[in-house]
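Beneath this line is the structure, given in C-alpha cells, with notes to follow.
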Amino acid sequence: MARHIWRLFGQGINSAKKYDKLIYFRPFSRHNDQLGIQPQKNKLAGHQRELMKRGLPKRSNISNVENIIVVASGKGGVGKSTTAVNLAVALSEVDGEDGVGLLDMDVFGPSIPRMMNLSASPELDKNDNMIPLTNYGIHCMSMGFLIEEKAAVVWRGPMVMSAVQRLLLRTAWGKLKYLVLDMPPGTGDTQLSLSQLVAVTGVDVLGDVPLNLWIRHGADKGQPITVSHPGSPQAASYKNIATKVIQKISSLKTQI
Ligand SMILES: Nc1ncnc2c1ncn2[C@@H]1O[C@H](COP(=O)(O)OP(=O)(O)O)[C@@H](O)[C@H]1O
Ligand SMILES: [Mg+2]
C-alpha cells in the first residue's frame with residue numbers, strides 16, 4: 001500500500017485542503033522590520049503602523065532560510081510528522097548539508113520532540129531568539145520544547161498566530177538551506193497564520209511512502225528510519241522524495 005503525496009503547482013496554501021500532503025513553497029517578500037525594532041524618531045508613526053499591521057500582518061522572509069518545505073494534509077494521523085522528520089534527515093543526507101531545520105507547527109499536539117528524541121528547553125541568544133535543539137544533524141523547534149502539552153489546548157486564533165510567528169521568526173535558525181514545516185491537520189488557524197506570514201509560490205506531489213512497521217516503530221521511539229536503517233527501502237523512499245524536492249527547487253529557481 002502506498003501513501004501518496006499529491007501534486008499541485010502554483011496554488012496558494014489555502015488550496016491545500018483539496019490536496020494532500022506535501023507542499024513546497026519559497027517566500028519572496030521581505031518584512032521591513034522583522035524584529036519590531038523601529039528607529040526612535042518614527043516611534044509613534046511606527047506604533048500606529050504596528051497596530052494596523054496586527055490586522056493584516058506582512059509576509060516575511062525568514063532571514064538565512066533559503067527554502068521552506070511544508071508537509072501538510074487535511075487529515076490527522078496520516079504520517080505528516082513522520083514524513084517531515086524523515087524528509088529532513090533525508091534532505092541533509094542527499095544534499096550533504098548541515099543546514100536543515102525542522103519546525104513543528106502543531107502547537108496543539110507537537111510530535112517533533114518525541115520523534116526527534118529531544119526534550120530540553122531552548123536557550124536564548126543575545127537577540128532573545130530561541131536557539132533550536134539539534135539531533136541527527138537537524139535543527140528543531142517545537143512548542144513542545146516550550147510549554148506543557150496541555151497548555152495550548154485552549155488557544156484561539158490570535159494566540160496561535162503569535163505562537164506560530166514566534167516559532168517561525170524568533171528562532172535563531174542560523175543559515176539553513178531547507179526548513180521543513182510539520183503542519184497540524186486541517187485548514188485552521190495555523191495554516192491561515194502561515195499563509196499570512198510567508199508567501200506561497202508552489203505546491204507539489206513528490207512521492208509515495210510505503211506503509212511499514214519499522215517506520216512506525218522508529219517514529220514512536222525517537223529514531224527516524226532514515227537514521228536507524230539508512231540502507232532500507234523505506235529510507236530510500238524518503239531519500240527519493242528529498243531528491244525530488246531538491247530537483248524541484250532548482251528547477252523553480254531557474255524559472256524565476
Ligand atoms: N509509512 C508509515 N508506515 C507505518 N506507520 C506509519 C507511517 N507513517 C506514519 N506512521 C505511523 O502513523 C502514526 C501517525 O503518524 P504521524 O506522522 O504522527 O501522523 P500525522 O502527523 O499526520 O498526525 C504514528 O504512529 C506513525 O508512527
Ligand atoms: Mg503530526
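Derivation of every value follows stated rules applied to the coordinates shown; laboratory data play no part. The shown structure was predicted, so the numbers you read here are calculated from the model rather than taken from an experiment. As a convention, Cβ positions derive from the backbone with ideal geometry for all residues, glycine included, and neighbour counts pool all protein chains shown.
Points to keep in mind about this one:
- Summed side-chain charge close to Met105 - residues other than Met105 whose Cβ falls under 12 Å, Lys, Arg +1, Asp, Glu -1: -2
- Longest to shortest principal axis, alpha-carbon extents of region 85-197, angstrom: 40, 32, 26
- Our analysis of region 62-147 gives Rg over Rh at 0.95, with the two radii drawn from alpha carbon positions and Rh computed by the Kirkwood formula.
- Potential lengthening between Arg166 and Asp208 on full extension [0.36 nm per residue; Cα-Cα distance subtracted]: 11.9 nm
- Charge sum, other residues only, whose C-beta stays under 14 Å from Val94's C-beta, Lys/Arg counted +1 and Asp/Glu -1: 0
- Flagged links, alpha-carbon separation over 21 Å, of Lys177/Lys248; Lys177/Lys239; Lys177/Lys244; Lys75/Lys248; Lys80/Lys239; Lys75/Lys239: Lys75/Lys248; Lys75/Lys239
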